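Written below as structure tokens is the structure these notes are about.
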Amino acid sequence: MMRQYELVERVKSYDPGADEDALNRAYVFSMKAHGTQKRESGDPYFSHPVEVAGILSDKKLDCDSIITGLLHDTVEDTLATMEDIQGLFGDDVARLVDGVTKLSQIETLSDRAKQAENFRKLLLAMSQDIRVLLVKQADRLHNMRTLQFVRNEKKRSRIALETMDIYAPLAERIGIRDWKDELEDRAFMELNPDARDSIERRLTFLRESGGDIVGRVTSELTQTLAKNGVEADVFGREKSPYSIWRKMQRKNIGFEQLSDIMAFRVIVERVEDCYQALGAIHGHYRVVPGRFKDYVSIPKPNDYRSLHTSVYGPENQRIEIQIRTEEMHQVAELGVAAHWQFKQNRTTDGRQYRWLRELLEILDHAEAPEEFLEHTKLEMFSDQVFCFSPKGDLMELPRGATPVDFAYAVHTEVGDRCVSAKINGHAVPLRTELKNGDQVEIQTSKVQTPSPMWDGFVVTGKARACIRRFVRSQTREQYIRLGREIVEKAFRREGRKVVTRTLKSVLVSFSCRTLDDLFAMVGQGQLTGQEVFDVTYPSAKRGRKRPATSNGNGKAAPEEFAVPIRGLIPGMAVHLAACCHPLPGEQIVGIVSTGKGLTVHTKDCETLENFVEMPEQWVGVQWDDSAEGTANHVGRLIVILANRPGSLAALTSVIGRNNGNISNLKINDRAEEFFEMQIDIEVSDVKHLTNIIAELRADPAVGSVERARG
Ligand code: MN
């Protein structure tokens, strides 16, 4: 185990300004916190955080990261609290330790391998600070180095699988190649020891029979390049057993056919030299077809750049060659870190570790240079959000997604039937925006149907398409229903009943195929009930002096002719006017307009004046008393309120006491003495709203209350 002074010295060697005192305190704090805890290997538990800190110091990470490495398990596994850490080591370290702790907690939530890609993204999205992720990776690396001491075999293979699926690819994505290789190789060792052994044996055999092939090929490649005027450093290596294994699987070939087990790297100075080196190699050796890749002109998403090719090399062995510049090489080896480090080295400031701090500073500021963001993979998933189902399934959704989007992502049926949602155990409105790591539980009901209102807040294409499809199909149903009511009322007004057979005989006059088509036309306002009557009974029309639209001048139809808005879902065939916000219990009237269906206004709404000249559009309507009070209606008030402390609280408490829910509040005008505001309140009916108005008027803080009109 690394001693305290060794660690401190190591950090000071690359960061002379490191906070020595804080490092010492963190070392001692962690040692005391973990006390006599032991790892399965029998080592004191404390050896683990020290090794993690050591791994981080190999990457020359800043002092806060090293301290976080020392403290990373204290909150989770010991009596130490976040407050302790904050008090002793400050906000930054506390935030980092908290981040690592959260990642570890998430880890235990889901172990479904099929969701590995989502899980990787979740980890990335949750590690707002790249250092959190680096500490987590170092933690995993040390746990893999000591995996053999874990006694439970199932647990060992779960950890190995998780490393293969999640942590190795993540290490690759943030560009730390040696961590990725080691994580993979150690997981491979656990998951498939036989395969790894046989590959190792074969490699040993090749090494012994062929001598130093890598060395010979390296020097010959160097000479070939030099003869062609390319100055380059050539490095050769054997591929890792795991990458050989993967190739065998991918290409479905046996080991004896596997010849390209060596890889060579050609490092040149300038980008042009890459292509020149490639030309020299292709000119000299037989090319293996289909293996050339140009990641210099088209870099990989993690900013990896190189030319790749395979040739039959000097000893007629297939070899892989990567050609790159020194800068490309640094990026390939060190990822995000390198890009910055490389630039730093070129400037006057030689302190290499600084790349990280500056990276973070840039990430902290919204105005990050475009070019830089391209290289920071942390921002990659900022437009997504990851949530869990109660079973631990992980869902990937676009940012801004709501429980309704989540429900549709689970299954169309779940979406269509969702009535309410819980996030992390708490009931929330369906329009609530989901956050990373939220656990979402959807309650469904067989009688629920998608609401047109949902269309206003869902963000996923699937949810939107399902809701719209439903609304479209339902809207026709609703138009038919409304149209049938209108026709029946018109007939009754003329003293007739609708006789299906008679009505069917006139369908052709309206170019309709079915009665439903006819009713839908009426419901949509393309045809009035009176017109249908007049065509059905032409003689009755001739005998009449003037049109029988009784409510032509704003007078409501007598009760028995009024259309009940029963079973009609607001938002489809029927709309409640936004000018007057009619409420159940109020006198109302409907205006049918072409293609829009029925708009319901209060009878005293000023908007109605616009329709005085169009009597054929008026339809008598009435609230359906039998309707359950499930749907909330919005009443809009204009309130003048005294501009003094406590008056807003008085207002909201009156509304709350009366079970009204404020859905919107807007201040229209603010003067020294008073301000005027507009309040939308969800109420069950007009009586409910009237009670609220009356009580508001009684409050001394309230100057006046009126319903908003027009
Ligand atoms: Mn740990």
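What helices (runs of 4 or more DSSP H) completely inside the range 98-164 contain at least 1 residues that are modelled with pLDDT of 85 or more and within 15 Å of the ligand (Cβ to nearest atom)?
Helices (runs of 4 or more DSSP H) meeting the threshold: 130-145, 153-162.
Hey, could you check the range 8-21 for residues that are assigned to a helix (DSSP H, G or I) and under 40 Å from the mean Cα position of the chain (by Cα) and say which is farthest from residue 41 (Cα to Cα)?
That would be 14.
Taking residue 583 as the residue in question, decide whether it is assigned by TED's automatic domain parsing to the domain that holds residue 475, modelled with pLDDT of 75 or more and in a loop (DSSP other than H, G, I, E, B).
yes
Show the residue pairs meeting these rules: Cβ distance below 8 Å; 6+ apart or different chains; first residue within the range 690-708 and without any contact (Cβ under 8 Å) to a residue 24 or more places away in the chain and farther than 19 Å from residue 634 by Cα; second residue open to solvent by 30 Å² or more (accessible area, probe 1.4 Å) and of a type in the set (Gly, Ala, Ser).
Pairs found: 697/704.
Among the candidates 350, 335, 254, which residue alone is modelled with pLDDT under 75 and under 20 Å from residue 179 (Cα atoms)?
Checking each option against the conditions leaves just 335.
Say whether the condition of being in the same structural domain as residue 139 (by TED's automatic domain parsing), at pLDDT below 90 and charged (D, E, K, R) is met by at least one residue in the range 80-91.
No, because not a single residue in the range 80-91 is in the same structural domain as residue 139 (by TED's automatic domain parsing), at pLDDT below 90 and charged (D, E, K, R).
Could you tell me whether any residue of the range 54-62 is assigned to a helix (DSSP H, G or I), over 27 Å from residue 147 (Cβ atoms) and among the acidic types (Asp, Glu)?
No: zero hits.
Taking interchain pairs and intrachain pairs at least six residues apart, which have beta carbon atoms under 8 angstrom, with the first residue in the range 69-80 and part of a loop (DSSP other than H, G, I, E, B) and polar (S, T, N, Q) and the second more than 8 Å from the ligand (Cβ to nearest atom) and open to solvent by less than 10 Å² (accessible area, probe 1.4 Å)?
78/34
Of everything in the range 83-92, what is surrounded by 14 or more Cβ atoms within 10 Å (Cβ to Cβ) and over 28 Å from the mean Cα position of the chain (by Cα)? Give them in sequence order.
Within the range 83-92, 84, 85, 86, 88, 89, 90 qualify.
Among the residues of the range 3-49, write down those that are of a type in the set (A, V, I, L, M, F, W, C), open to solvent by less than 40 Å² (accessible area, probe 1.4 Å) and either under 22 Å from residue 152 (Cβ atoms) or more than 16 Å from the ligand (Cβ to nearest atom) (or both).
7, 8, 11, 18, 22, 23 - these are the residues of the range 3-49 that are of a type in the set (A, V, I, L, M, F, W, C), open to solvent by less than 40 Å² (accessible area, probe 1.4 Å) and either under 22 Å from residue 152 (Cβ atoms) or more than 16 Å from the ligand (Cβ to nearest atom) (or both).
For the range 51-73, which residues satisfy the criterion of being surrounded by fewer than 24 Cβ atoms within 10 Å (Cβ to Cβ) and of a type in the set (A, V, I, L, M, F, W, C)?
Hits for the range 51-73 are 55, 63.
Looking at residue 420 and the list (1) under 26 Å from residue 478 (Cβ atoms); (2) surrounded by 18 or more Cβ atoms within 10 Å (Cβ to Cβ), which single condition is not satisfied?
(2)
Sort out which residues of the range 460-475 are in contact with a helix residue (DSSP H, G or I) (Cβ under 6 Å, 6 or more places away or on another chain) and of a type outside the set (S, T, N, Q), and write them in order of number.
462, 463, 466, 467, 471
The values are calculated or read from the model by the stated rules, or taken from the named source; none is laboratory data. Source: prediction; values computed, not measured. Cβ coordinates were reconstructed from backbone atoms using ideal geometry, including for glycine residues, and neighbour counts include every protein chain displayed. Areas reflect the complete protein model, heavy atoms only, side chains present, ligands, DNA and RNA absent. Shrake-Rupley method; radii C 1.70, N 1.55, O 1.52, S 1.80 Å.
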